[in-house]
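Enquirer: Quick one: structure below, then a few questions.
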Amino acid sequence: MKTFRLQLRFLVPLLLILVATAYLAVPVMDKLTLRWFARDLDMRGNLVANALSESVADALQYSRTRRIESLFERALQDERLVAIAWCSEAQEVGHRTEQFPKDLSCAGANALAGGKDPALQLNGGPVHVSVHPVMSEAGPMGSLVLLHDLSFIERRSQDTRKYLIILIAGLGAAFALVTVVVAQLSWRGWISGTRALLRGEGLVRPLLPGAPELAPLAADLRQRLRDLEDEYRRAQRPDAVWSPERLQSLLHTQLRGDQVIVVSNREPYLHQLEDGKVVVRRPASGLVTAVEPVMRACSGTWIAHGSGTADRQAVDKHDRVPLPPGQHDYLLRRLWLTGEQEQGYYYGFANEGLWPLCHVAHVRPVFREADWQHYRDVNQLFADAVVAEARSEDPIVLVQDYHFALLPAMVRKRLPRATILTFWHIPWPNPESFGICPWRTEILEGMLGSTILGFHTRYHCKNFIETVDRYMEARIEHEHSTITFGGEQTLVESYPISIEWPAEEETKRWPTPAQSRAEVYARLGIPPDHHLAVGVDRFDYTKGILERLNAVERMLEKHPEWRERFTFVQVAAPSRGALDEYRSFQERIHRATERINARFGREGAPVIRLLAQHHEHDEVNKLYRAADVCLVTSLHDGMNLVCKEFVAARDDERGVLVLSRFAGAAREMPEALVVNPYHVEETADALHQALTMPAAEQRERMASLRSTVREFNVYRWAGRMLSDAARLRLRQRVSERVQRHAAVD
Ligand code: G6P
């Protein structure tokens, strides 16, 4: 259809030219034929006159009128000759045939003869007038006036005109056909050439054989690819550590400073009313820990649920607040939810349904129709906010986590040119486990609205692709890790999340490990000769806190030498306490703590200190620096950032990390003591090994862990995702440009 329209652009002017040619050519043709025939008639007149001249002269000499009439009658048998007259030397009409006009004098005939155009009409038709002298032996004897019929010329002209028009129409059709065929062939050649370009063919060699018109486009592409390659090579250099500056430069060069919009349920800062005063708090959330530094580097707008008790007091009339407090690097746009929405969408569908579904931590997912309804509504509410905050038709939207599985497709519908990067911060289960969700197809469709879908590990990507393969009609390209659904392609890639590596100015302000230890021990009343292990988590059943307590208990059973020489501090930040599952889990932990303390603690010196309250980052950091061991024993965790924070806090290269093999981080941190938290003996032994590990081994392991986390920091996480986004955006722009070129040409 499109090619047909394009070809019309050639055909219509061509047809117009042909019609104009016909319009101009016909009268010219008429004139020319008239002249040719007039000349022809003159010659015929001469022949007739020559043939008559002698006989007419004889007849005149002897005044034989009958003879003259008969000569004239015979001559008139020529079908073109319509009338004859004889003019005397005195220019008077002597003899004439019946048809000869009575009002035509000899002088008039002489005047008309020799004119180019027929000027005389006879019986409604044009006639040609010619005058020929009559000669006798005695000298000139007047002249013969011959009138020839010209109407046959009119008839011939009509025929000529008809043939001419048929000829022009035939030529037009032939031209049109040739144009269409040539245009089709060139169009196909051009399209396959540009497709080849998009596939990267012809970009390495400067020449595209057979398609020189694509050379400028190829040159542009080559330049952009070189830029991307430079950036990629820089990223691959061993000394190239990702930093906020590098992320910013990526944003400004490859992404041309385009707007970044983050969407998450949890906000980076909460305004809370405490003792009549508004205080600002950082929530306990791995997501916030990772995304906040990225937003500080990228600026832009962060859309999140305003859940702090004083959040409404802190926003402007557009529900926005500049953050971080006092620094104003980015804007937080708060959205408000009703109690029912929060209950259904957040507590219900997200945390009673999707959370246990994806973690497979032996807590049954609960799916309620009403919760699903709220989940959909709230996703739509946030999607509308993304559209409202977008300053262009193609912003970069970073969608965070399982609270917004439907949002990518909703945004894609309204902003088809947006680049939507969805990051799933929790694990993705195998297809069988995911299959129990009653709305599995809707969820998968929603997520496939993303341009890029990120998970922490390849294993989660594989699970997701297999889930799509099992439940949807989509095209999967395993080689490129892409899924095409509804004409849109989603890249499914692993991007292990991390933390911001602390800057030197910051670490200089930290109290020394000895000071931290002294402070922590004094505050918690830990006897100075005790070794210290810490656990820092949200109070969540996926974190393996019970298994950890059991391992501590088992270690004390197996190694009595640690009794009264060991304390375990568990920070458990309050989380989702409105849910029964969480409340009963928290009660179990309290009971287990009491039991173990009753068994192994002393009056005033319990073995286990359970700190079930919110802790600010500085306090947690002190705890990390004070500890001999950090225990991370999640039953299933997307990544887990506590282990990375612990490593970042130990600039003294001391301390031992015990890490669950079911946390995504275990893949990057093999220098930790990696355990199966379900195996209480193994975890107890690892704890004992950690407490007895020589300083040199600690240093060796810690130094290696630190270099990994420094390099694989959160800017790398965001940088890799945004580089991929930049590549896909470039591809999209080039393909749009190609389409535009094609449409114009
Ligand atoms: C996990 C989730 C985050 C969430 C965090 C805290 O890390 O992946 O999305 O923010 O837990 O949970 P909460 O429900 O308090 O936001």
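Enquirer: Pairing rule first: another cysteine's C-beta must sit under 4.7 Å. Under that rule, which cysteines of the chain stay single?
Expert: CYS298, CYS358, CYS437, CYS461, CYS630, CYS643
Enquirer: Relative contact order for region 2-155: what percent, with Cα pairs under 8 Å and sequence separation of 6 or more?
Expert: Relative contact order of region 2-155: 23 percent.
Enquirer: Give, in whole angstrom and from largest to smallest, the semi-axes √(5λ) of the equivalent ellipsoid of region 429-545, with λ running over the eigenvalues of the Cα gyration tensor.
Expert: 46, 19, 11
Enquirer: Assuming 0.36 nm per residue, please report the length gained on full extension of the stretch ALA111 to GLU681 beyond their Cα-Cα distance.
Expert: 191.6 nm
Enquirer: Expressed as a rounded percentage, what relative contact order does the chain have, with Cα pairs under 8 Å and six or more residues apart?
Expert: 9
Enquirer: Of the peptides 355-365, 679-689, 172-182, how do they stack up when ordered by the mean number of other Cβ atoms within 10 Å, highest first?
Expert: 679-689, 355-365, 172-182
Enquirer: In addition: In degrees from 0 to 90, rounded to the nearest 10, what is the angle of the helix 65-75 Cα long axis to the longest principal axis of the chain?
Expert: 20
Enquirer: On to the next question. Rounded to the nearest 500, what is the chain's calculated 222 nm mean residue ellipticity when only DSSP H runs of at least 4 contribute -39500 (n - 2.57) each, over all residues?
Expert: -16500 deg cm²/dmol
Enquirer: I would also like to ask the following. Keeping all protein chains in the complex and leaving out DNA, RNA and ligands, what accessible area do you get for LEU16 with a 1.4 Å probe, in Å² to the nearest 10?
Expert: Roughly 110 Å² of LEU16 is accessible to a 1.4 Å probe.
Enquirer: A 18 angstrom limit on the alpha carbon distance is what I want to check against. Which of LYS622/LYS644; LYS558/LYS644; LYS462/LYS644; LYS543/LYS644 exceed it?
Expert: As for pairs spanning more than 18 Å Cα to Cα, those are LYS558/LYS644; LYS462/LYS644.
Enquirer: What base-10 log of the normalised intensity I(q)/I(0) is obtained for region 511-712 from the Debye formula, alpha carbons as equal point scatterers, at q = 0.09 Å⁻¹?
Expert: -0.30
Enquirer: Now for a separate question. Using the alpha-carbon atoms, what tilt in degrees (0 to 90, nearest 10) does helix 244-253 show relative to the longest principal axis of the chain?
Expert: So the helix axis and the longest Cα principal axis differ by about 10 degrees.
Enquirer: To make sure I understand the rule: partners must be aspartates and glutamates, Cα under 17 Å from the Cα of LYS508, and not fewer than 8 residues away in the same chain. Which ones qualify?
Expert: Here the aspartates and glutamates satisfying the reach criterion relative to LYS508 are GLU500, ASP618, GLU619, GLU645, ASP651, ASP652, GLU653.
Enquirer: How far is it, in nm, from the label point at ARG710 to the one at GLN739 when both lie 7 Å from their Cα along the line to the Cβ?
Expert: About 4.8 nm separates the two model spin labels.
Enquirer: Would you give the gap between the C-alpha center of region 568-627 and the C-alpha center of region 318-390, rounded to a whole Å?
Expert: 28
Enquirer: If you don't mind, there's one more thing I want to ask. Give a residue-ordered list of calculated ³J(HN,Hα) values for region 616-633 (Karplus: 6.51 cos²θ - 1.76 cosθ + 1.60, θ = phi - 60°; whole Hz; x for Gly, Pro).
Expert: Those phi angles translate into 6, 4, 4, 5, 5, 4, 4, 4, 4, 6, 7, 7, 8, 9, 10, 9, 10, 10 Hz.
Enquirer: So how do 527-539, 50-62 stack up, highest first, on mean other-Cβ count within 10 Å?
Expert: Taking the mean over residues of other Cβ atoms within 10 Å, the ranking is 527-539, 50-62.
Enquirer: Same structure again: Write down the percent of antiparallel bridges among all DSSP beta bridges whose residues are both part of region 511-712, to the nearest 5.
Expert: Expressed as a percentage, antiparallel bridges in region 511-712 total about 5.
Enquirer: Can you check how the C-alpha radius of gyration of region 2-155 compares to 2.2 N^0.38 Å, as a plain ratio?
Expert: 1.51
Enquirer: Still on this structure: Rounded to the nearest 5, what % of DSSP beta bridges with both residues in the chain are antiparallel?
Expert: Bridges in the chain are about 45 percent antiparallel.
Enquirer: Can you give the accessible area of ARG155, probe radius 1.4 Å, in Å² rounded to 10?
Expert: ARG155 exposes around 140 Å² with every protein chain in place.
Enquirer: Starting from the amide H of ARG96, placed 1.01 Å from N in the peptide plane, find each other amide H under 5 Å away whose residue is 5 or more places distant or on another chain.
Expert: Residues meeting the amide H criterion: TRP86.
Enquirer: If the cut-off is a Cα-Cα distance under 23 Å, which lysines reach LYS31, setting aside same-chain residues fewer than 8 apart in sequence?
Expert: LYS116, LYS162
Enquirer: Once the cut-off is 50 Å, how many percent of the Cα-Cα pairs in the chain end up in the long-distance tail?
Expert: 43
Enquirer: Now for a different question. If packing is taken as the average number of other Cβ atoms within 10 Å across a peptide's residues, how do 623-634, 425-436, 584-595 rank, most packed first?
Expert: Packing order, densest peptide first, comes out as 623-634, 425-436, 584-595.
Enquirer: Further question: Show ASP651, ASP103, ASP149 ordered by accessible area, largest first, where the area counts protein heavy atoms only and the probe is 1.4 Å.
Expert: ASP103, ASP651, ASP149
Enquirer: Could I ask something else about it? Angle between the Cα long axis of helix 2-61 and the longest principal axis of the chain, 0 to 90 degrees, nearest 10?
Expert: In the chain, helix 2-61 runs at an angle near 10 degrees to the longest axis.
Enquirer: For region 260-494, give the percent of accessible area contributed by carbon and sulfur heavy atoms, probe 1.4 Å, rounded to a whole number.
Expert: On region 260-494, the fraction of accessible area on carbon and sulfur atoms equals 46 percent.
Enquirer: Which cross-chain or sequence-distant (5 or more) residues have an amide H under 5 Å from the amide H of GLY449, H modelled 1.01 Å from N in plane?
Expert: It is ALA409, by chain and number.
Enquirer: Any chance you could run the full-extension gain for LYS102 through ASP529? It's 0.36 nm times the residue separation minus the Cα-Cα distance, nm to one decimal.
Expert: 138.5 nm is the gain from fully extending LYS102 to ASP529.
Enquirer: Which sequence of THR692, THR542, THR441, THR484 reflects their accessible areas, 1.4 Å probe, from the largest down?
Expert: Final ranking, largest accessible area leading: THR692, THR441, THR484, THR542.
Enquirer: Amide H neighbours of ALA672 under 5 Å, counting only residues 5+ apart in sequence or on other chains, H built in-plane at 1.01 Å?
Expert: When sequence neighbours closer than 5 places are left aside, there are no close amide H contacts.
Enquirer: What does the convex hull of the Cα atoms of region 637-745 come to per residue, in Å³, rounded to a whole number?
Expert: 105
Enquirer: Using the beta-carbon distance between LEU273 and HIS328 and R0 = 25 Å, what value does 1/(1 + (r/R0)^6) give for FRET efficiency, to the nearest 0.05?
Expert: E(calc), rounded to 0.05, equals 0.65.
Enquirer: How many Å² of accessible area per residue for region 2-155, probe 1.4 Å?
Expert: On a per-residue basis, 59 Å².
The values are calculated or read from the model by the stated rules, or taken from the named source; none is laboratory data. Fair warning: this is a prediction, and the values are worked out from it, not measured in the lab. Glycine gets a Cβ as well: all are built from the backbone with ideal geometry, and neighbour counts include every protein chain shown. Ligands, DNA and RNA are excluded from the accessible area calculation, which covers all protein heavy atoms including side chains. Shrake-Rupley method; radii C 1.70, N 1.55, O 1.52, S 1.80 Å.
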